[in-house]
Amino acid sequence: MNRSRRVLILGGTGEARALAGLLAKEKGLRAVTSLAGRTAAPELPPGEWRSGGFGGAEGLATYLEREAIGLVADVTHPFAAAISRNAAEACRRTGTAYIRLERPAWRPERGDRWQEVENIARAATALPISARAFLTIGRRDIAAFFARTDTNILARMIEPPDNPLPSHVEILLARPPFSLEGELALLKERGITVLVCKNSGGDATKAKLAAARKLKLPVIMVERPEKPAAPFAATPEGLSDLVLELIKPPRR
Ligand code: NAP
């Protein structure tokens, strides 16, 4: 097992930025955050960072060895499945410690009208005929809804999609966090009849669920993909403790 005190944080989330901030305070430990490089104006983490894919598990394994990484903290989004799979595999091959942040999933509460579906394609077919849907699934997956020309879609995302959209799809650009008041006003003003979202968990985007509950709107909830089994924590603080436990300072 490689015992280097250099940590690679796989990022792209608020928790990854928080972990980078916590680790930056630790003497003798060097952390670098990796971003996928998809967004033109990403929120940057404190400390060292890099951007862009590694080239699959093999490319990542080469990077881990070249940079003498002792531990990979996977703090990617719950729906970023490929990078987590690659990271677990690259760590196995190189004998690097691999740990994950597991953000707890949202659970339906009393009054919720959720239909859970296993992927985005199923969410698109589950939309009721002539629905006025509010989509909060990001910009990459909205193509699954292009064939539903019987519906009207309002899709919220941080940056616009790369390709032109069909006329039944409208984009709303906004960055979380979102408030309950704001979500209620939006759903009412736009006459939304159904909400479609991924079970991302976390507080920054959960107000829409409370708003849907209040307005008695149905929610089509896309379930999470499976992530590799690994030691995990639910918060950046918990994960920071795990990092320090696994990468102990050398004995004097
Ligand atoms: P993905 O499908 O799991 O990954 C696709 C490819 O993108 C990976 O194979 C890898 O390329 C590259 N990649 C992903 N995350 C990376 C990282 N942190 N550093 C370097 N390369 C990375 O991931 P995704 O769903 O496209 O998400 C991309 C990024 O956006 C992630 O960092 C994720 O945390 C963030 N994000 C995703 C969502 C979502 O809903 N999926 C939401 C919010 C934020 P190579 O194979 O070339 O290494």
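The values are calculated or read from the model by the stated rules, or taken from the named source; none is laboratory data. As the structure is a computational prediction, the values presented were derived from the model and not from experiment. Reconstructed Cβ throughout: ideal geometry from the backbone, glycine too, with neighbour counts over all protein chains shown. Accessible surface is based on the protein model in full, side chains and every heavy atom, while ligands, DNA and RNA are left aside. Shrake-Rupley method; radii C 1.70, N 1.55, O 1.52, S 1.80 Å.
So here's what we get for this one:
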quantity: GluC sites (Glu not before Pro) within segment 51-159, DSSP loop, no more than 11 other Cβ atoms inside 10 Å; calculated: GLU109, GLU118
quantity: Dipole moment magnitude, nearest 20 debye, the chain about Cα centre, only Lys, Arg, Asp, Glu C-beta charged; calculated: 460 debye
quantity: For the chain, calculated [θ]222 nm from helices alone, where every DSSP H run of n ≥ 4 adds -39500 (n - 2.57); calculated: -8500 deg cm²/dmol
quantity: Kyte-Doolittle mean at least -0.5 and Cα axial length at least 18 Å: DSSP H helices in the chain; calculated: 81-94
quantity: Cα-based shape type of segment 125-218, given that a ≥ b ≥ c are square roots of the gyration tensor eigenvalues and the cut on a/c is 1.5; calculated: oblate
quantity: Members of LYS206/LYS248; LYS27/LYS206; LYS206/LYS227 lying beyond 26 Å, as alpha-carbon distances in this model show; calculated: LYS206/LYS248; LYS27/LYS206
quantity: Counting all C-alpha pairs of segment 49-119, share separated by more than 18 Å (%); calculated: 48 percent
quantity: PHE79 accessible area, 1.4 Å probe, all protein chains in place, Å² to nearest 10; calculated: 40 Å²
quantity: C-alpha center-to-center spacing [segment 173-252, segment 43-84] in angstrom; calculated: 22 Å
quantity: Accessible area per residue in Å² at 1.4 Å probe, computed on segment 84-242; calculated: 51 Å²
quantity: Candidates THR149, THR13, THR193, ranked by Gaussian network fluctuation over the chain, Cα under 10 Å, top entry; calculated: THR149
quantity: Aspartates and glutamates whose Cα lies under 17 Å from that of LYS208, excluding same-chain neighbours fewer than 8 positions away; calculated: GLU109, ASP112, GLU116, GLU181, GLU183, GLU189, GLU223
quantity: Computed accessible area, SER167, all protein chains, 1.4 angstrom probe, square angstrom; calculated: 130 Å²
quantity: The chain, accessible surface, carbon-and-sulfur percent (1.4 angstrom probe); calculated: 51 percent
